[in-house]
1. Being more than 17 Å from residue 78 (Cα to Cα) and under 17 Å from the mean Cα position of the chain (by Cα) is the filter here; which residues of segment 117-140 pass it?
2. Yes or no: segment 157-164 includes at least one residue that is hydroxyl-bearing (Ser, Thr, Tyr), within 23 Å of residue 8 (Cβ to Cβ) and in contact with a Ser or Thr (Cβ under 9 Å, 6 or more places away or on another chain).
3. From (1) modelled with pLDDT of 95 or more; (2) among the small types (Gly, Ala, Ser); (3) loosely packed, with under 13 Cβ neighbours inside 10 Å; (4) part of a loop (DSSP other than H, G, I, E, B), pick out the condition that doesn't hold for residue 6.
4. Which of (1) within 14 Å of residue 24 (Cβ to Cβ); (2) open to solvent by 30 Å² or more (accessible area, probe 1.4 Å); (3) more than 15 Å from the chain's Cα centre (by Cα) is the odd one out, the single condition residue 91 does not satisfy?
5. Could you grab me the full set of residues in segment 123-162 that are of a type in the set (A, V, I, L, M) and open to solvent by 20 Å² or more (accessible area, probe 1.4 Å)?
6. May I ask you to list the residues in segment 35-93 that are in contact (Cβ under 8 Å) with a residue 12 or more places away in the chain, in a helix (DSSP H, G or I) and out of contact with any strand residue (DSSP E or B) (no Cβ under 7 Å at 6 or more places or on another chain)?
7. Using beta carbons and a limit of 6 Å, which pairs, at least six apart or on different chains, have the first residue in segment 147-172 and hydrophobic (A, V, I, L, M, F, W, C) and the second one open to solvent by 70 Å² or more (accessible area, probe 1.4 Å) and in a strand (DSSP E or B)?
8. Look through segment 94-122, keep the residues that are open to solvent by 60 Å² or more (accessible area, probe 1.4 Å) and in a loop (DSSP other than H, G, I, E, B), and return whichever of them is nearest to residue 20 (Cα to Cα).
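The values are calculated or read from the model by the stated rules, or taken from the named source; none is laboratory data. On a predicted model such as this, the values are computed, not experimentally measured, just so you know. Glycine also receives a Cβ, built like all others from the backbone with ideal geometry; neighbour counts cover every protein chain displayed. To get the accessible areas, we keep the full protein, side chains included, count just its heavy atoms, and leave off ligands, DNA and RNA. Shrake-Rupley method; radii C 1.70, N 1.55, O 1.52, S 1.80 Å.
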Amino acid sequence: MSPSSAATPTVLGVPAPQEDVDAIVAFVAGVQEAQQNAQPDAFLSGFREDAIWTTAHGKRLTGLPEISAFTRKVLPPQAGSPVTATYTVALILFIRPDVAAVKVRQRPAGREGGEFLDEIFRGVEDPSEPIAAHPESVPGTPTYVLAKDDGVWRIAAAQNTSVIDAETLAAG
């Protein structure tokens, strides 16, 4: 399953070369690949040593050793899951030429057919029942703060948030 490359991310903030935009989009594609293929080492290579990470369920992880221990525990079992996710860069805010806030659209998808599971929420006024019945269908909205060190973009801070806002879910 490949990332959606059809959408070009919105780019804001200080001027940045297209090669940095492309590198950030490629970085997020690498996160997707590592997640989909349950590759902890590939996933962890995208973090700074001093990074902080908050999971979609609110667990705060501080520093690469803590992020690594968590990732090595939870990522490998995902290899056999019938659900995976796609990651699309929606927005990049260059705070400085070497620091960017990146908004990602994370959509759950069936591993076999690639169908987007969050489609069950489209047009639904009250998503509470489908959320309760199909928690694996809830999309995510990660924000990555990336820092460019020695020419390489890595996560300095990140938060993944589950989307449960009715209006956002209904809009797709």
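1. 118
2. no
3. Answer for residue 6: the failing condition is (1).
4. (3)
5. The answer is 124, 131, 132, 133, 138, 145, 152, 156, 157.
6. Result: 40, 42, 43, 44, 68, 71, 72, 76, 77, 78, 79.
7. Close Cβ pairs (under 6 Å, with a partner that is open to solvent by 70 Å² or more (accessible area, probe 1.4 Å) and in a strand (DSSP E or B)) amount to 157/52.
8. 97
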